[in-house]
């Protein structure tokens with residue numbers, strides 16, 4: 001994201017509250033907050049290598065559990 005500089009200078013007869021109000025309005029108009037909130041929960045996609053490794057791990061785990069179940073060392077869960 002490109003850096004955006006927003007500058008608000010205080011006028012002669014202006015109080016701090018109105019300067020702050022002008023600043024927040026400029027921030028909202030620039031869309032900075034909107035962009036940040038959109039990216040807040042953005043998650044990267046996992047690499048193909050990582051997903052394949054996880055799939056192989058699950059398959060091997062299922063095979064091992066099935067083998068143990070057939071040998072009678074692992075009981076099947078009932079709901």
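Here, each number is a calculation from the coordinates, and none is a lab measurement. Just so it is clear, the structure is predicted and the values come from calculations on it, not from any experiment. So basically every Cβ, Gly included, is an ideal-geometry build from the backbone, and we count neighbours across all protein chains shown.
A few comments on the model shown:
- The long axis of helix 48-71 is offset from the longest Cα principal axis of the chain by roughly 30 degrees.
- Rounded tilt (10° steps) of 16-30 against the dominant C-alpha axis of the chain: 50
- With the helix formula -39500 (n - 2.57) applied to DSSP H stretches of n ≥ 4, the chain reaches a computed 222 nm mean residue ellipticity of -19500 deg cm²/dmol.
- The stretch 35-79 and the stretch 1-31 have Cα centres spaced 49 Å apart.
- Neighbour-count ranking [beta-carbon atoms within 10 angstrom, fewest first] of 59, 32: 59, 32
- Anisotropy class of the chain from Cα gyration tensor, a/c 1.5 cut: prolate
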